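Worksheet for the structure shown next.
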Amino acid sequence: MSQRTKPPFRADHVGSLLRPAALKRAREQHAKGEITPAQLKDIEDREIERVIEKQEEVGLQSITDGEFRRSWWHLDFLWGLDGIEKHVMDTGIHFAAVTTRNEGLKVSGKVGFSGHPMIEHFKFVAAHTNRTPKITIPSPSAAYGRPIPTPIDKKIYPKLDAFFDDLDPHLAGKYILRPTRPKRAYQTGDRRRLQLKIGKCAPQRHLARQGGSGLVAAFQTSEGSAGARPSDTPV
């Protein structure tokens, strides 16, 4: 059987890998003010180079940074968009027998993309592998209803439809991927539309009633057309 030379590959992975002990320790030290952001980045760089080598060693063709620079797989990306801010909630999310940190997001302005720290994150991966660098971008559904309807300034978005139109993840992907060579790929994550469609997830049914067509459109975007992505970039 011939080996594929472009995505989707026969063997692939989501892209989020277990954080090594050295990275966990460095994040704790940074949170306590014991090391500087530059020192944390040096450790991230070192551990990412190692995990890139490991992915290549086991034969993977699409290579990620393991999301080693992220604290949350979705919020770190969303906080980098224009118009979206970090929001402290009353409680975290109950998930797999634990309760997460009580961090979320709120929308205080028009959502846009004027720049993003993950551009440099992606360029780092692209510069350290000859295989296909890949990044995972959360779908629009990750920006709403975790665990309650996201606080949105009604003066900016009286209706959710316009909010989700501006939150097209493929537009962000276009700008993140543009500075790198053509051999690249990205994927959207958290595709919850199926749960809503088959009616087995009561919270999603509630959100659909509250959110109107905009929420359903967001689920469809996460599985549907590639929108504004570069034409040579697989999804």
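A quick yes/no check of all residues on (1) free of Cβ contacts under 8 Å to residues at least 40 places away in the same chain; (2) assigned to a helix (DSSP H, G or I):
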residue: LYS24; (1), (2): yes, yes
residue: ILE35; (1), (2): yes, no
residue: ALA38; (1), (2): yes, yes
residue: ILE48; (1), (2): no, yes
residue: GLU56; (1), (2): no, yes
residue: GLY59; (1), (2): no, no
residue: ASP65; (1), (2): no, no
residue: SER71; (1), (2): no, no
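How many of the residues in the range 95-130 are among the acidic types (Asp, Glu) and in a strand (DSSP E or B)? Talk me through it step by step, then tell me what you get.
From the range 95-130, those among the acidic types (Asp, Glu) are 103, 120; that's our starting set.
When the remaining residues are screened for being in a strand (DSSP E or B), the result is 103.
Number satisfying all stated conditions: 1.
What's the total number of residues in the range 85-94 that are surrounded by fewer than 10 Cβ atoms within 10 Å (Cβ to Cβ) and not in a loop (DSSP other than H, G, I, E, B)?
Applying the first criterion (surrounded by fewer than 10 Cβ atoms within 10 Å (Cβ to Cβ)) to the range 85-94 yields 88, 90.
Keeping just the survivors that are not in a loop (DSSP other than H, G, I, E, B) gives 88.
Result for the range 85-94: 1.
Can you tell me which residues in the range 48-66 are under 17 Å from MET118 (Cα atoms) and modelled with pLDDT under 95?
ILE63, THR64
Within the group ILE63, ILE84, which residue is under 16 Å from the mean Cα position of the chain (by Cα) and over 30 Å from ASP166 (Cβ atoms)? Walk me through how you get there before you give the answer.
Working: ILE84 fails: over 30 Å from ASP166 (Cβ atoms).
Step by step, each of ILE63, ILE84 is checked, and only ILE63 is under 16 Å from the mean Cα position of the chain (by Cα) and over 30 Å from ASP166 (Cβ atoms).
Which numbered condition trips up HIS128, out of (1) surrounded by 15 or more Cβ atoms within 10 Å (Cβ to Cβ); (2) modelled with pLDDT under 90?
Every condition holds for HIS128 apart from (2).
Among SER108, SER139, SER114, which is over 23 Å from ARG27 (Cα atoms), modelled with pLDDT of 90 or more and in contact with a strand residue (DSSP E or B) (Cβ under 8 Å, 6 or more places away or on another chain)?
Just a single option satisfies the conditions, and that option is SER108.
The values are calculated or read from the model by the stated rules, or taken from the named source; none is laboratory data. Since the structure is predicted, the reported quantities are computational estimates derived from the model, not experimental observations. Because the Cβ atoms are built from the backbone with ideal geometry, glycine has one as well, and the counts that use them run over all protein chains shown.
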